[in-house]
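Novice: The following block contains the structure, expressed as structure tokens.
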Number of protein chains: 2
Amino acid sequence: MKLSLNQATVKRASVPEVVDVCVRNGIEGVGLWRDPVADHGLERTAALVRSAGLEVSSLCRGGFFTGADQRLDDNRRAIDETAALGASCLVLVPGGVPDRDLVAARGRVASALEALAPYAEGAGVQLAIEPMHPMFCADRGVVSTLGQALDLAAPYPIDVVGVVVDALHVWWDPALAVEVRRAGPRIHSYQVCDWITPLPADVLLGRGLPGDGHVDLVGLTSLVADAGYTGYVEVEVFNEDVWARPFDDVAADLVRRHATGWEPVVDGGHDRLPVTP
Amino acid sequence: MKLSLNQATVKRASVPEVVDVCVRNGIEGVGLWRDPVADHGLERTAALVRSAGLEVSSLCRGGFFTGADQRLDDNRRAIDETAALGASCLVLVPGGVPDRDLVAARGRVASALEALAPYAEGAGVQLAIEPMHPMFCADRGVVSTLGQALDLAAPYPIDVVGVVVDALHVWWDPALAVEVRRAGPRIHSYQVCDWITPLPADVLLGRGLPGDGHVDLVGLTSLVADAGYTGYVEVEVFNEDVWARPFDDVAADLVRRHATGWEPVVDGGHDRLPVTP
């Protein structure tokens, strides 16, 4: 798999800076976020990545379907932006459970997909449902397993609705191997980072660089490849320490780790695997 | 279901203080922890709860099977202590994944049960596997779903190896209703608290009193009752704010909430359900 840098990993870089970092470090894919793309301008960003020879492996993010307002208009705009960028997929973050009725919240995700899938198909855009770690079920993502995401995608053509396999969100799942095999061509995006302990105060930022934590990324990457996935492996890390580093330093580090096939980083890595009590 | 107070909810209370609080507030069950029991003395604690007319709904905790040492000797001692207290079950916390090999860690849980089940059966003690929220998979509990816990329990007699249904750990599970029904008489313990957002810095302490968070405890309690469970509903809350309150104040609060069947606490409760973005 070729490497892609999700721009959230170098959060303080502007779109042109991310593009430059990728080009300088031989990274062929980039994952973009809507806000910084809007800051730089949608058409300018599309032209910039094209002229740099980069592929846009994902656009983050649509979704947040579970409130009273399912945000369908905003999601249609996100689909248009995905098409304009030629991005491989639009990542959908499902949204949380506002009122203790988890079953109903999950139902709103299904009905939003029903409303959006034809629009995405018309735009030639792949929607990628992101199952999220159950830690985020309350306030961010009620789709908690890959199996659940695949059930939601099943009614639609494979190239219209698929899933994101993000190591952080799915690594713990006892059904992981089975569900990755089942996913096959529904895998529209493969994202890696690592689960580090102890979790920091803001669990959203509790992600390590791939190789620094508890996840068997070598094994997961094999599973995803064996399922037939031939897209990019995109590194998406939310971590204050990583954000504080020079962008090129982070990129070069990722290129080295990618070259090993995401082997654990032994120096210091094993220190980060405390097991209680 | 009758109410039980897990002593971790009033963490700073000694064993005699917990017993007094239960008796004064008409709470008929108590969940005990091994360390404070040892501080007070095992036999003295057994005599104290007996004379107070309390039932011990659980003893926390055995387990931590996934290291190189499966801690079998310590677990046998925990089984003996459970028998001495006449506790309904011994809660088993599985342990984390020390070396990135999650499948092997889960295998060590299975082999530890194989070693311990005959000993527990001989002592007349029920072992209760606690499936833990996937947030704790890395460093505390590799058994991540109720279904997985039931698969682990399946080879053993129902009254020897069962499961804990703890609302915090299982509420997000898309298979929850199915698995609670399947669990039936394997449910050896039912514990409640609530999922509050945002999570605090130490996620172990991110538990709210039942009714203060995102979990549909009315629905879950119905599921558990419909599965045939007739034991105690035990409140186990790790929360610095709760620990800072007078013990009797916490107990009286729980008695009131229990009387409503764990209805959401509206005053302030809804304030605590922020959904991003």
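The values are calculated or read from the model by the stated rules, or taken from the named source; none is laboratory data. Computed from a predicted structure; not experimentally measured. Quick reminder, even Gly has a Cβ in these numbers, built from the backbone with ideal geometry, and neighbours come from all protein chains shown.
Novice: Go through (1) farther than 22 Å from B:PRO134 by Cα; (2) buried (at least 18 other Cβ atoms within 10 Å of the Cβ); (3) at pLDDT below 95; (4) away from chain A (no Cβ under 13 Å) for B:GLU240 and report which single condition fails.
Specialist: Every listed condition holds for B:GLU240 apart from (2).
Novice: Identify, by number, the condition in (1) in a helix (DSSP H, G or I); (2) of a type outside the set (Phe, Trp, Tyr); (3) modelled with pLDDT under 95 that B:VAL224 doesn't meet.
Specialist: In the conditions (1) in a helix (DSSP H, G or I); (2) of a type outside the set (Phe, Trp, Tyr); (3) modelled with pLDDT under 95, B:VAL224 misses (3) alone.
Novice: I'd like to check something: does region B:118-127 contain any residue that is in contact (Cβ under 8 Å) with a residue 60 or more places away in the chain, part of a loop (DSSP other than H, G, I, E, B), more than 10 Å from every other protein chain (Cβ to nearest Cβ) and of a type outside the set (Ser, Thr, Tyr)?
Specialist: The answer is yes, given that some residue of region B:118-127 is in contact (Cβ under 8 Å) with a residue 60 or more places away in the chain, part of a loop (DSSP other than H, G, I, E, B), more than 10 Å from every other protein chain (Cβ to nearest Cβ) and of a type outside the set (Ser, Thr, Tyr).
Novice: On to the next question. If we scan region B:179-202, do we find a residue that is more than 25 Å from B:GLU55 (Cβ to Cβ) and surrounded by 24 or more Cβ atoms within 10 Å (Cβ to Cβ)?
Specialist: Yes, region B:179-202 contains at least one residue that is more than 25 Å from B:GLU55 (Cβ to Cβ) and surrounded by 24 or more Cβ atoms within 10 Å (Cβ to Cβ).
Novice: Another question, then. Test A:GLU130 against the criterion of being more than 13 Å from chain B (Cβ to nearest Cβ) and within 23 Å of A:HIS258 (Cα to Cα), and give yes or no.
Specialist: It is true that A:GLU130 is more than 13 Å from chain B (Cβ to nearest Cβ) and within 23 Å of A:HIS258 (Cα to Cα).
Novice: Which one is modelled with the lowest pLDDT among residues in region B:70-107 that are among the basic types (Lys, Arg) and out of contact with any helix residue (DSSP H, G or I) (no Cβ under 6 Å at 6 or more places or on another chain)? Spell out the reasoning first.
Specialist: The initial filter retains those residues of region B:70-107 that are among the basic types (Lys, Arg), namely B:71, B:76-77, B:100, B:106.
If we keep only those that are out of contact with any helix residue (DSSP H, G or I) (no Cβ under 6 Å at 6 or more places or on another chain) as well, we get B:71, B:77, B:100, B:106.
Numbers: B:ARG71: 97, B:ARG77: 98, B:ARG100: 93, B:ARG106: 97.
Per the criteria, the residue is B:ARG100.
Novice: Another question, then. Please go through region B:66-88 and give me each residue that is in contact (Cβ under 8 Å) with a residue 60 or more places away in the chain and more than 12 Å from every other protein chain (Cβ to nearest Cβ), ordered by number. Walk me through how you get there before you give the answer.
Specialist: First, the residues of region B:66-88 that are in contact (Cβ under 8 Å) with a residue 60 or more places away in the chain: B:66, B:88.
Across region B:66-88, the qualifying residue is only B:SER88.
Novice: Moving on. Checking the structure you have, find out if any residue of region B:119-134 is in contact with a strand residue (DSSP E or B) (Cβ under 8 Å, 6 or more places away or on another chain) and surrounded by fewer than 21 Cβ atoms within 10 Å (Cβ to Cβ).
Specialist: Scanning region B:119-134, I find no residue that is in contact with a strand residue (DSSP E or B) (Cβ under 8 Å, 6 or more places away or on another chain) and surrounded by fewer than 21 Cβ atoms within 10 Å (Cβ to Cβ), so the answer is no.
Novice: Just for helices (runs of 4 or more DSSP H) wholly inside region A:135-194: which have at least 1 residues that are modelled with pLDDT of 95 or more, over 17 Å from the mean Cα position of the chain (by Cα) and within 14 Å of chain B (Cβ to nearest Cβ)?
Specialist: Filter on region A:135-194 gives A:146-153, A:176-183.
Novice: Could you list, in sequence order, all residues of region B:12-36 that are among the charged types (D, E, K, R) and either surrounded by 19 or more Cβ atoms within 10 Å (Cβ to Cβ) or at positive phi (or both)?
Specialist: The answer is B:ARG34, and nothing else.
Novice: Could you run through region A:142-155 and say how many residues are in contact with a helix residue (DSSP H, G or I) (Cβ under 8 Å, 6 or more places away or on another chain) and surrounded by 24 or more Cβ atoms within 10 Å (Cβ to Cβ)?
Specialist: Final tally of qualifying residues: 5.
Novice: Also, quick follow-up: Tell me, please, whether a residue that is over 19 Å from A:SER189 (Cα atoms) and surrounded by fewer than 22 Cβ atoms within 10 Å (Cβ to Cβ) can be found in region A:78-92.
Specialist: Of region A:78-92, the ones over 19 Å from A:SER189 (Cα atoms) are none.
No.
Novice: Find the helices (runs of 4 or more DSSP H) located wholly in region A:1-108 whose residues include 2 or more that are in contact with a Lys or Arg (Cβ under 8 Å, 6 or more places away or on another chain), and list them. Give the steps one after another, and end with the answer.
Specialist: Working: elements: A:15-24, A:34-40, A:42-52, A:72-85.
Ranges flagged: A:72-85.
Novice: With the checklist (1) more than 9 Å from chain A (Cβ to nearest Cβ); (2) more than 17 Å from A:ASP101 (Cβ to Cβ); (3) free of Cβ contacts under 8 Å to residues at least 60 places away in the same chain in hand, flag the one item B:LEU199 doesn't pass.
Specialist: (1)
Novice: Sticking with this one: Please go through region B:108-117 and pick out each residue that is more than 13 Å from chain A (Cβ to nearest Cβ) and more than 21 Å from the chain's Cα centre (by Cα).
Specialist: Listed by number, the residues that qualify are B:SER111, B:GLU114, B:ALA115.
Novice: Let me ask something additional. Just checking, how many residues over region B:37-69 are among the charged types (D, E, K, R), at pLDDT 95 or above and loosely packed, with under 15 Cβ neighbours inside 10 Å? Write out each step before concluding.
Specialist: Initial filter on region B:37-69 (among the charged types (D, E, K, R)): B:39, B:43-44, B:50, B:55, B:61, B:69.
If we keep only those that are at pLDDT 95 or above too, we end up with B:39, B:43-44, B:50, B:55, B:61.
Right, trim to loosely packed, with under 15 Cβ neighbours inside 10 Å and you get B:39, B:43-44, B:50.
So the answer is 4.
Novice: Out of B:GLY206, B:GLY213, report the one residue that is within 14 Å of chain A (Cβ to nearest Cβ), within 23 Å of B:VAL18 (Cα to Cα) and modelled with pLDDT under 95.
Specialist: On the way: B:GLY213 fails: within 23 Å of B:VAL18 (Cα to Cα).
Unique residue meeting the criteria: B:GLY206.
Novice: Looking at B:GLY268, is it at pLDDT 95 or above and surrounded by fewer than 21 Cβ atoms within 10 Å (Cβ to Cβ)?
Specialist: No: the conditions fail for B:GLY268.
Novice: Related question: Give all pairs with beta carbons closer than 6 Å in which a residue from region B:89-107 that is within 8 Å of chain A (Cβ to nearest Cβ) meets a residue that is of a type in the set (Val, Ile, Thr) and part of a loop (DSSP other than H, G, I, E, B); count only pairs at least 6 apart in sequence or on separate chains.
Specialist: B:GLY95/B:THR66; B:GLY96/A:VAL275; B:VAL97/B:VAL142; B:PRO98/A:VAL275; B:ARG106/B:VAL142
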